[in-house]
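A quick write-up on the structure given underneath.
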Amino acid sequence: MDAELMITRDRELYPPATASVARPHSLEETGLDHFFVADLLLKHLNLASNQTLHHLARQLALPGAVLEPVVNVLRQEAKVESRSADLSGSGVRYALTDRGRAAALDAMARDGYCGPAPVLLADYEGLVRRQSVSKCVVTEEHIHRLFRDTVIDEGLLAQLGPAVHSGRAMFIYGPAGSGKSYITRQLVKLLDGPVYVPYAILVGGTVISLFDPEFHHPVHGEAQDPVDLTHGHDPRYVLCHRPEVTTGGELTLDMLDLKFDEQRKQYQAPLQLKASNGMLLIDDLGRQRMSHVDLLNRWIVPMEEKRDFLNLRAGQHFAVPFDMLLIFSTNLNPLELADEAFLRRIGHKVGFKTLAPEPFLRLWRQVCQTMGIEDDPEVARYMMTELYPTQGNLLLPCHPRDLLGLVSDYCRYRGLPARLSTESIRWAWQNYFVQLDNVG
């Protein structure tokens, strides 16, 4: 990760997003009703009894002043009882009564979610609009700084920069090994950030878990006290770097729908919702186990309307925001994957090519230095004039790393210094490329 770029971009917080996640001072300001919060509190006490108000506030990500009236009502209903403070002086503790335990089990049977309090879908929609990737400003300076240590064609940068700036979908294509995946995964660093991500959203009375530590990485030093009413943002949100969600040949259509865990009775958000305000990379397009036509058609409405449609098991159909840098990447012929009508809907088509000899050798020397292998211009000349013609002179960016990795293996096995030689590069070449003349 380019630390300097990330620090620079992360300082540019969205003022609208910050304002829209102010800490709630009352239950009304959360948008949640008393009965929902009461059920969630009972479920938490069922998992871990004898909790202080401070601890419950941390578990539900709601200030104590918001929870206290709910606790008082539950006490009046004989569902929760208070117990004296322990010797540590940590304050009054709360536990379930038999009646409260029955109510908690009933709540769990209806919805198994037991985490931080969710935010309303309408509030989340407004936040996504304020943090939209279309509001990010990407300049030539930004993209040149990001790739300053990368051997990359200037014409390619001139295509990628405006594509990211537009916030529209991209279609990346080119031969395998041409650097598509590596370059594309860096592009999320160009997006202004960070952004707020809720732990969960509430649709009707159903909770959908959204925050995923695999994709949502909190900004360093984000920890805060949810009980404090005067500092920080609404603790139901986490301040994160913009998410980068990548999926490839394993992608199936059901991964783009809500996932319901039958045993835990919980909903999990699909990949595209987790990628909101960030980047979703569909890698290796055409290698999925399903029809690529079905996969591409799945995105037509979301790309045009900037919203996606999901379904709950009970049949409720609802819209969610569709805001991300959507990138399709393939090493197949784009015209064999999509018709012209679909490709017109893609804002930018960017082709990756093989390298010319000069940038290839520059990359070769760069990788030699990184891997601690002593370069030899004569060996490089031998490789370029004697070996590459046998493979059609296709100079791919992946070759230096792969071939030099094999050279390193060879030298370590033979007990030799990490140094290029005609013998070691020939051995690496024969092991890297398929030698059909040696078969049979």
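Just to be sure before I move on: is S88 assigned to a strand (DSSP E or B), farther than 30 Å from C136 by Cβ and modelled with pLDDT under 95 in the structure I sent? Spelling it out, it is not the case that S88 is assigned to a strand (DSSP E or B), farther than 30 Å from C136 by Cβ and modelled with pLDDT under 95.
Quick one: is R242 in a loop (DSSP other than H, G, I, E, B) and assigned by TED's automatic domain parsing to the domain that holds G179? Taking the combined requirement at face value, the residue satisfies it. Please find, within the range 158-211, the residue that is surrounded by the fewest Cβ atoms within 10 Å (Cβ to Cβ) out of those that are in a helix (DSSP H, G or I) and touching a Phe, Trp or Tyr at 6+ places or on another chain (Cβ under 8 Å). Ranking the candidates gives Q186 first.
The residues of the range 277-310 that are touching a strand residue (DSSP E or B) at 6+ places or on another chain (Cβ under 7 Å) and among the polar types (S, T, N, Q) amount to a single one, N277.
From the set of residues in the range 35-67 that are outside any loop (DSSP other than H, G, I, E, B) and surrounded by fewer than 13 Cβ atoms within 10 Å (Cβ to Cβ), which is modelled with the lowest pLDDT?
The initial filter retains those residues of the range 35-67 that are outside any loop (DSSP other than H, G, I, E, B), namely 35-47, 51-60, 64-67.
Imposing the further condition that a residue be surrounded by fewer than 13 Cβ atoms within 10 Å (Cβ to Cβ) reduces the set to 35, 47.
Details: F35: 97, L47: 93.
That would be L47.
Residues that are closer than 23 Å to T30 by Cα, surrounded by fewer than 13 Cβ atoms within 10 Å (Cβ to Cβ) and either of a type in the set (G, A, S) or not assigned by TED's automatic domain parsing to the domain that holds T206 (or both) do not occur anywhere in the range 81-96. Can you tell me which residue within the range 113-157, out of those that are of a type in the set (G, A, S) and either buried (at least 17 other Cβ atoms within 10 Å of the Cβ) or under 30 Å from L396 (Cβ atoms) (or both), is nearest to the chain's Cα centre (by Cα)? Ranking the qualifying residues of the range 113-157, first place goes to S132.
From the list R313, R287, the one residue that fits, being loosely packed, with under 13 Cβ neighbours inside 10 Å and not assigned by TED's automatic domain parsing to the domain that holds V407, is R313. Would you confirm whether or not the range 390-405 contains a residue that is at pLDDT below 95, surrounded by 13 or more Cβ atoms within 10 Å (Cβ to Cβ) and basic (K, R)? The answer is no; no qualifying residue exists. The helices (runs of 4 or more DSSP H) found entirely in the range 274-380 that carry 2 or more residues being at pLDDT 95 or above are 357-371. Beta carbons closer than 8 Å, at least 6 apart along the sequence or on distinct chains, pair a first residue in the range 239-259 that is under 23 Å from A61 (Cβ atoms) with a second that is aromatic (F, W, Y) for L239/Y196; C240/Y196; P243/F215; L258/Y267; K259/Y267.
Given the condition in a strand (DSSP E or B) and surrounded by 14 or more Cβ atoms within 10 Å (Cβ to Cβ), answer yes or no: does some residue in the range 247-258 qualify? Yes: the range 247-258 contains one or more residues that are in a strand (DSSP E or B) and surrounded by 14 or more Cβ atoms within 10 Å (Cβ to Cβ). Within the range 374-394, is even one residue touching a strand residue (DSSP E or B) at 6+ places or on another chain (Cβ under 9 Å) and of a type in the set (S, T, Y)? No, the range 374-394 contains no residue that is touching a strand residue (DSSP E or B) at 6+ places or on another chain (Cβ under 9 Å) and of a type in the set (S, T, Y).
The values are calculated or read from the model by the stated rules, or taken from the named source; none is laboratory data. Computed from a predicted model, the values in this text were never measured in an experiment. All Cβ positions, glycine included, derive from the backbone under ideal geometry; neighbour counts span all protein chains shown.
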